[in-house]
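Engineer: Pasting a structure below so you can have a look.
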Amino acid sequence: MTLNVATKNYICNQTGVYKWFEDKKTSQGRWVWISRAIYLSKSYRKIDTGEILWELTFYCNDGWQSDVISRKDVTEQKFTALMAKGADVTTWKTKVIIDYLIEQEYQLSIDKMHGQVGWLLEGKRHYFSQNQLISLQNKPSKYVGEYNIFPKGTLDEWLLTIKRYVVGNSSLELALSMGFSSVLVGYINRLLNIHTDSLIFHICGNSTTGKTTAAMVAVSGFGDPKEGPKSLIQSFNGTDNALTKLIANNNGIPIVCDETSLTTMGTKKLVNVLYTWAKNLEKARLNKSSVQRERASWGTTIITTGEGSLIEQGNQNEGIRVRVFEFQNIQWTNNAAQAKAINQSLSNNYGHASEVFVKNLLGYTKTFIQKSWEYETEQMSLILPKSKFNDRISKKFALIIMTAKLLNEVFALNLDIESIKELLVYQEKDSLEERLIGPKAYEMIREWLLKNQKHFYINKEGNPESQTIWGRIDIDKKKKKTQAYILPNEFKNMLVENGFSDTKVVLRELDTMGVLIKEKDSKQNKYHARRVIKGEENTKNGVQVYGIEFDGQFIFQTSTFSEVSKMSRVRWR
C-alpha cells in the first residue's frame, strides 16, 4: 500500500505521521515522527441527522484497520477510545493527531450517507431512501442502517416469480399490495403532510397456510426477505422498546414481525406496542439529564404473523380492532411446491422493484395522489359494511387498492382488483361483530347474570344469608322485560375478568344502544342509576348502580301464590 498524505504542517506515509518543527531563530526545520500511520480516509454527512462522521484508517501490528467515529467524539478525552482498536493515539499524542486530521479534513470532499429508510427530506427535496436516495434523478448516498436493503439478483427474475406464482392467487396478490402500500403510507405522512396511521396487518393460521411465503412476497421488493438479523422479516420475540425500535424512522419500507405467539410481554404491553405502532410516534422519555429525548417517528406498513390471533392476545378494546386487521386461516399458497419455488427465488432476487415503483409514483403530482386516495376511499366506503368505523377503515383499505392499481401500471401484472377488494370486505365483515364492543359486552353481561343469579335479589326474592349481594334483578312478566342493577365494583370486576379494560367505553356503548338505565337528572355521573338494594347498608334512598335492560324473561322466576291463584285451571277427568 502506497500512502502519501500531506497537509500544511504534517505528512503521513507507511512509516507514520510526521510534524514539521521549525527553529524560529535559525529558520531551520525538520520532520519529527509522531505516531504510526493514521489518516482520514472518508468524511460523511449523515443527511437524516446532519451529523458528520469520519472514517479513519490506521496501522496496527496486525495490519491496516478502519473505524468510523462521529466528529463530535474528536476530542482529547474521547479520541483515545481508538486505542482499543489498535490506533497509536496515546494521551500525549492525541492533541497533535487531532490537529493533523482536521488539517487533512479540508482536503476531502464530504460524501452523503443515511440511516433512515423511506421518505426523507434532504435540502428542499424529498427522496425515498433505500440503499441509495431514490428520486426521478437519484442522488448518491451510502446506507448505514439496520437492514439489508441492498439489491440482490435481478429485477427480471423477481418479476418473473411474481408473474408465475403470485398473479392469479388473490391472497398473494393482497400480500404483495400490503407490502408496497408502505410507500403510500409514508408518502401521505411525509409529502402530503396528512397524518394517517401506519397500517398493521396480522396473518394468522397454522403452519401449512403459507404465512411466511406471504410475508416474503410482501417485503421482497424492498430488501432481504429471509428471516435474519438484518432481514425485513424480524422476530416478534422482544421487549416493547425493542419492537418499537424496529420501525423507528421508517417512512415507507414494509417490515414483518414473525411468530407473535412467542411474545411473553403480557396484555397491557402488547396493546401499548400496537397503539404505538399505529400512531407513528415513540412514547416520550427522559435522558440521563432528565431532559426529554427526541422522539422517533415513522409511517409505514407493518405485517405480523403467528399461529394465533393477535387481537385475542390483547383485550376487548375496539381501538385496537380498528388499527389491526387480522386475516385468519386464509390459504395463502396453493401447495408446498409453489411455496418452495417462491421462497427459493425471492431469497436470491430482491430489493429492485421498489425503485421502479417509487419513480413511477413521483411521476404524479401530490394533488393527483391525494384525489386518488379520496376517490378510492369513497369507493371502499360503498362496499364495506356500514358501521361507525366505515370512514376510518375505508381510508386504510383504499391505500391497498391504490397500491394494487399502481403495481398493475408499473409492472403490467394484471392483479385482480375486485378479488383483492372481496378479501378486504370479507375481513371487515368477519371482524365487525367482534369489533363492536357494545353488543359483545351486552351478550356477555346477559350470560354472566345467568351464571351468577344466586347473588342477586330477583323481584325482591333472594337468599342474602348464604350469598354475597351483587345487586338486584327486576322481571316484568307482562312487558317481558328484565332490568338488572349491578353494584359498581362487581360491574367493573366482571368487565375486567372478561377482557374489557375500559369501563367507561363499555358504558358509553351500552348507552348508545339504548339499553343503559340512567337517572334523568344525573349530572355527577351520567351512567349511574340509584336503586334500593336489599341487604346493603344505608340504602334507604338507594345506592349507585349500573342498570341494564334486556328483552324477555331470560332468568327463570317461579310464580307467586297470588299469580298461581289467578291462573286458569283445567279440570281433569
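The values are calculated or read from the model by the stated rules, or taken from the named source; none is laboratory data. Given the structure is predicted, the values throughout are model-derived calculations rather than measurements. Cβ: placed from backbone, ideal geometry, glycine included. Neighbour counts: every protein chain shown. What goes into the accessible areas is simple: the full protein's heavy atoms, side chains included, and nothing from ligands, DNA or RNA. Shrake-Rupley method; radii C 1.70, N 1.55, O 1.52, S 1.80 Å.
Engineer: Within segment 74-117, how many residues are in contact with a helix residue (DSSP H, G or I) (Cβ under 7 Å, 6 or more places away or on another chain), exposed (fewer than 14 other Cβ atoms within 10 Å of the Cβ) and not hydroxyl-bearing (Ser, Thr, Tyr)?
Structural biologist: Of the residues in segment 74-117, 2 are in contact with a helix residue (DSSP H, G or I) (Cβ under 7 Å, 6 or more places away or on another chain), exposed (fewer than 14 other Cβ atoms within 10 Å of the Cβ) and not hydroxyl-bearing (Ser, Thr, Tyr).
Engineer: Give the residue, chosen from 153, 186, that is modelled with pLDDT of 95 or more and either under 25 Å from residue 363 (Cβ atoms) or within 24 Å of the chain's Cα centre (by Cα) (or both).
Structural biologist: After ruling out the rest, the residue left standing is 186.
Engineer: Kindly indicate which of 8, 19 is open to solvent by 90 Å² or more (accessible area, probe 1.4 Å), closer than 15 Å to residue 104 by Cα and not hydrophobic (A, V, I, L, M, F, W, C).
Structural biologist: The match here is 8.
Engineer: Evaluate the following for residue 441: is it open to solvent by less than 30 Å² (accessible area, probe 1.4 Å), within 24 Å of residue 129 (Cβ to Cβ) and of a type in the set (Gly, Ala, Ser)?
Structural biologist: Taking the combined requirement at face value, the residue does not satisfy it.
Engineer: To continue, here is another question. Between residues in segment 378-395 that are among the polar types (S, T, N, Q) and residues that are assigned to a loop (DSSP other than H, G, I, E, B), which pairs lie under 7 Å by C-beta distance while being six or more apart or on different chains?
Structural biologist: 390/384; 394/384
Engineer: What residue, of 245, 269, is in a helix (DSSP H, G or I), within 13 Å of the chain's Cα centre (by Cα) and either on the phi > 0 side of the Ramachandran plot or surrounded by fewer than 24 Cβ atoms within 10 Å (Cβ to Cβ) (or both)?
Structural biologist: Step by step, each of 245, 269 is checked, and only 245 is in a helix (DSSP H, G or I), within 13 Å of the chain's Cα centre (by Cα) and either on the phi > 0 side of the Ramachandran plot or surrounded by fewer than 24 Cβ atoms within 10 Å (Cβ to Cβ) (or both).
Engineer: What strands (runs of 3 or more DSSP E) completely inside segment 87-182 contain at least 3 residues that are closer than 24 Å to residue 198 by Cβ?
Structural biologist: Filter on segment 87-182 gives 117-122, 125-129.
Engineer: From 166, 144, grab the single residue that is surrounded by 18 or more Cβ atoms within 10 Å (Cβ to Cβ) and of a type in the set (Val, Ile, Thr).
Structural biologist: Of 166, 144, the one residue that is surrounded by 18 or more Cβ atoms within 10 Å (Cβ to Cβ) and of a type in the set (Val, Ile, Thr) is 166.
Engineer: Could you grab the pairs with beta carbons closer than 7 Å, sequence gap of 6+ or different chains, first residue in segment 398-409 and under 21 Å from residue 382 (Cβ atoms) and open to solvent by less than 20 Å² (accessible area, probe 1.4 Å), second one of a type outside the set (Gly, Ala, Ser) and not in a helix (DSSP H, G or I)?
Structural biologist: Close Cβ pairs (under 7 Å, with a partner that is of a type outside the set (Gly, Ala, Ser) and not in a helix (DSSP H, G or I)) amount to 399/199; 404/415.
Engineer: So residue 212 passes all but one of these: (1) closer than 29 Å to residue 337 by Cβ; (2) in contact with a helix residue (DSSP H, G or I) (Cβ under 8 Å, 6 or more places away or on another chain); (3) assigned to a loop (DSSP other than H, G, I, E, B); (4) of a type in the set (Val, Ile, Thr). Which condition number does it fail?
Structural biologist: Result: residue 212 fails condition (3) only.
Engineer: Based on this model, can you work out whether residue 203 counts as crowded, with 21+ Cβ neighbours inside 10 Å, over 13 Å from the mean Cα position of the chain (by Cα), free of Cβ contacts under 8 Å to residues at least 60 places away in the same chain and under 16 Å from residue 332 (Cβ atoms)?
Structural biologist: Judged against the criteria, residue 203 is not a match.
Engineer: Moving to a separate point now. In this structure, does residue 69 turn out to be touching a residue at least 12 places away in the same chain (Cβ under 8 Å), under 24 Å from residue 142 (Cβ atoms) and not charged (D, E, K, R)?
Structural biologist: For residue 69, the condition - touching a residue at least 12 places away in the same chain (Cβ under 8 Å), under 24 Å from residue 142 (Cβ atoms) and not charged (D, E, K, R) - is met.
Engineer: Identify all residues within segment 443-454 that are touching a residue at least 24 places away in the same chain (Cβ under 8 Å) and either more than 38 Å from the chain's Cα centre (by Cα) or over 12 Å from residue 498 (Cα atoms) (or both); write none if there are none.
Structural biologist: Matches in segment 443-454: 446, 449, 450, 453.
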